[in-house]
1. Just to verify a result, which residue in the stretch 41-59, among those that are assigned to a loop (DSSP other than H, G, I, E, B) and over 11 Å from the mean Cα position of the chain (by Cα), is surrounded by the most Cβ atoms within 10 Å (Cβ to Cβ)?
2. Scan (1) away from the ligand (no atom under 16 Å from the Cβ); (2) modelled with pLDDT of 85 or more for the single condition LYS30 breaks and write down its number.
3. Has the stretch 30-40 got at least one residue that is in a loop (DSSP other than H, G, I, E, B), farther than 30 Å from THR60 by Cβ and touching a Phe, Trp or Tyr at 6+ places or on another chain (Cβ under 8 Å)?
4. Cβ-Cβ below 6 Å, separation at least six or inter-chain, first residue in the stretch 39-51 and at pLDDT 85 or above, second part of a loop (DSSP other than H, G, I, E, B) and among the small types (Gly, Ala, Ser): which pairs?
5. I'd like to check something: does the stretch 74-96 contain any residue that is more than 14 Å from the chain's Cα centre (by Cα), modelled with pLDDT of 75 or more and on the phi > 0 side of the Ramachandran plot?
6. For GLY7, work out the one condition from (1) of a type in the set (Gly, Ala, Ser); (2) within 16 Å of the ligand (Cβ to nearest atom); (3) not in a loop (DSSP other than H, G, I, E, B) it doesn't fulfil.
Amino acid sequence: MYCPQCGREYSERVNFCCNCGAPMVAPPAKPPRKLTLSRTDKKIGGVCGGFAEYFEVDATLVRLIWVIMALFAGWGVIGYLVCWLVMPHVPEAQEPAQAVVQPQTQSH
Ligand SMILES: [Zn+2]
């Protein structure tokens, strides 16, 4: 929690500031997560990586569950293709700055 008056932060849940008595506000919330195809963690289309990022779990675990479902339930492959078509890509601006594009050296 965070005091808007004096800027004190409290790790425990308190309703009012111990310092100035102002009502507490929650710290700024993270923007809501969107289920997107993963660009950074992908084997085929990034569907499993996208699910892993959304649920904050290991992508390998998602892949494993998906493969088991594909083998035993039979809908994993179709489900993957449907998700691949339906799930949006990560917008360019939100992409983690991992791939640094090297400037093309031009020879004259
Ligand atoms: Zn305060």
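The values are calculated or read from the model by the stated rules, or taken from the named source; none is laboratory data. Computed from a prediction, not measured in an experiment: that's the story for all the values here. Using ideal geometry, Cβ is built from the backbone for each residue, glycine included, and neighbour counts are taken over all protein chains shown.
1. GLY46
2. For LYS30, the exception is condition (2).
3. No, every residue in the stretch 30-40 fails to be in a loop (DSSP other than H, G, I, E, B), farther than 30 Å from THR60 by Cβ and touching a Phe, Trp or Tyr at 6+ places or on another chain (Cβ under 8 Å).
4. If the second residue must be part of a loop (DSSP other than H, G, I, E, B) and among the small types (Gly, Ala, Ser), the pairs left are GLY46/SER38; GLY49/SER38; GLY50/SER38.
5. Within the stretch 74-96, not a single residue is more than 14 Å from the chain's Cα centre (by Cα), modelled with pLDDT of 75 or more and on the phi > 0 side of the Ramachandran plot.
6. Every condition holds for GLY7 apart from (3).
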